[in-house]
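**Student:** Here it is, the structure, as structure tokens.
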């Protein structure tokens, strides 16, 4: 967790005390017993937020198509620059086929194709 006992915030990238500029929460659980607890959000300072953006941009350009549960500004801006659209829980495409997409990034061309296919 990024908070100290005095409620000061540390950057999860560099570890310095900061005013958080960006934050993200990954999918998954930190523990399953006795009930599922989501991961704690990661906070980033201005310097580490820029590095996070470059990391997401490079990952999307190399073909990564999954993201975090709570999206950071860095992730959203990198996806927008790469022309990707996030498909959430409602999904898109024809359900029950290999054309079904949910919880993933897809290109705008694929979005248009799947959108017309789901209306059929």
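The values are calculated or read from the model by the stated rules, or taken from the named source; none is laboratory data. Keep in mind it's a predicted model, so treat the numbers as computed, not measured. When we count neighbours, we look across all protein chains shown, and the Cβ atoms used for this are built from the backbone with ideal geometry, even at glycine.
Each row is one residue, and each column tells you yes or no for (1) assigned to a loop (DSSP other than H, G, I, E, B); (2) modelled with pLDDT under 90.
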| residue | (1), (2) |
| --- | --- |
| 5 | yes, yes |
| 13 | yes, no |
| 24 | no, no |
| 54 | no, no |
| 60 | no, no |
| 63 | yes, no |
| 79 | no, no |
| 89 | yes, yes |
| 94 | yes, yes |
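**Student:** Need the failing condition index for residue 103 against (1) on the phi > 0 side of the Ramachandran plot; (2) without any contact (Cβ under 8 Å) to a residue 12 or more places away in the chain, just the number.
**Tutor:** All conditions are met except number (2).
**Student:** Which of the numbered conditions does residue 22 fail, given that it passes all the others? Conditions: (1) over 21 Å from residue 101 (Cα atoms); (2) in contact with a helix residue (DSSP H, G or I) (Cβ under 8 Å, 6 or more places away or on another chain); (3) loosely packed, with under 14 Cβ neighbours inside 10 Å.
**Tutor:** Of the numbered conditions (1) over 21 Å from residue 101 (Cα atoms); (2) in contact with a helix residue (DSSP H, G or I) (Cβ under 8 Å, 6 or more places away or on another chain); (3) loosely packed, with under 14 Cβ neighbours inside 10 Å, the odd one out for residue 22 is (3).
**Student:** If you don't mind, there's one more thing I want to ask. Of the numbered conditions (1) out of contact with any strand residue (DSSP E or B) (no Cβ under 9 Å at 6 or more places or on another chain); (2) modelled with pLDDT of 90 or more, residue 113 fails exactly one; give the number of that condition.
**Tutor:** (2)
**Student:** Scan region 26-46 and give yes if some residue there is surrounded by fewer than 15 Cβ atoms within 10 Å (Cβ to Cβ), outside any strand (DSSP E or B), modelled with pLDDT of 85 or more and touching a helix residue (DSSP H, G or I) at 6+ places or on another chain (Cβ under 9 Å), otherwise no.
**Tutor:** No, that holds for no residue.
**Student:** Checking the condition surrounded by 15 or more Cβ atoms within 10 Å (Cβ to Cβ) and on the phi > 0 side of the Ramachandran plot, which residue from 93, 63, 67, 83 passes?
**Tutor:** When all the criteria are applied, what remains is 93.
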